[in-house]
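A quick write-up on the structure given underneath.
The values are calculated or read from the model by the stated rules, or taken from the named source; none is laboratory data. Computed from a prediction, not measured in an experiment: that's the story for all the values here. Ideal geometry is used to build each Cβ from the backbone, glycine not excepted, and the neighbour counts take in all protein chains shown. What goes into the accessible areas is simple: the full protein's heavy atoms, side chains included, and nothing from ligands, DNA or RNA. Shrake-Rupley method; radii C 1.70, N 1.55, O 1.52, S 1.80 Å.
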Amino acid sequence: FDIASNMGFSPYKLAKMYTEAVYGQSYQLSVLVESPAIFNNNKLHSDILRCYSDDLSSSIEIELLKQCVGREFEEILYSKLDEMQICYETEIEMRKRGKSKTPDVLLLIPMAVRSGKDNKYYIVNWIDSKGMFGDEDSFAEHQEQLHGYINRYGHGMVIYWHGCVESLCDLMDNILVTDRFPDHWMFPTGELSTGDARVLSFDQGEEALSPDVTTGPGHHAHHDMSIEKCVK
């Protein structure tokens, strides 16, 4: 516990890493804590128990709470996409199809999304929902995961529902980072989604797609979005 605290690291996570390295990943930390006979050192068992119970930022209970909050915001995301009549596939549906890299939402057609920061449109193929505040440290933990989505699905969007620092917008190309569900969505045909129905706005669509649509920070889109309408 003291080693982790002095390093500014989570005692719970350090205990989890230690037990997995020594006893294998098949052992759950909770089982090891409840079975002191597994340990041949009483002091070690006491310290593991302290890491398990006294870490206020990370523990099994905290992780379960984070999962519950995350699922709640995923449902909010699904509801808002349904209101906008946007076709998508959920993470569960992707896994059923055998996909190994699964963002929370995979759009069935690419959408142009207007950013509230610079009023430009960005191409979005997938969305990942984060029920937390986003700063540079938390974003760094997610980068490997997000790179996997970019490599497989192209440009996407991350929503930090509890807010995020502005610097995140410039940390990673090909990802739109925001703290809210965008209000303005455009279909590949140039139609705007208003929530009640698609509004034909081809003239506005052409104007919005050129030159203000970008595929990510610093990247302009190729206008080859001729995809048939998706009927959900």
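Could you say whether any residue in the stretch 145-167 is free of Cβ contacts under 8 Å to residues at least 12 places away in the same chain and among the hydroxyl-bearing types (Ser, Thr, Tyr)? Taking every residue of the stretch 145-167 in turn, none turns out to be free of Cβ contacts under 8 Å to residues at least 12 places away in the same chain and among the hydroxyl-bearing types (Ser, Thr, Tyr). Tallying residues that are of a type in the set (Val, Ile, Thr) and surrounded by fewer than 13 Cβ atoms within 10 Å (Cβ to Cβ) within the stretch 78-99 yields 1. Filtered by the rule that a residue be farther than 22 Å from residue 145 by Cα and without any contact (Cβ under 8 Å) to a residue 12 or more places away in the chain, the stretch 80-117 gives a lone residue, 82. Of all positions in the stretch 113-123, at least one carries a residue that is small (Gly, Ala, Ser) and open to solvent by less than 60 Å² (accessible area, probe 1.4 Å). The sole residue among 193, 138 that is modelled with pLDDT under 85, surrounded by 12 or more Cβ atoms within 10 Å (Cβ to Cβ) and under 15 Å from the mean Cα position of the chain (by Cα) is 138. Looking across the stretch 132-155, the residues that are in contact with a strand residue (DSSP E or B) (Cβ under 7 Å, 6 or more places away or on another chain) and closer than 21 Å to residue 76 by Cβ come down to 132, 133, 134, 146, 149.
Of all positions in the stretch 52-64, none carries a residue that is touching a helix residue (DSSP H, G or I) at 6+ places or on another chain (Cβ under 6 Å), closer than 30 Å to residue 180 by Cβ and at pLDDT 90 or above.
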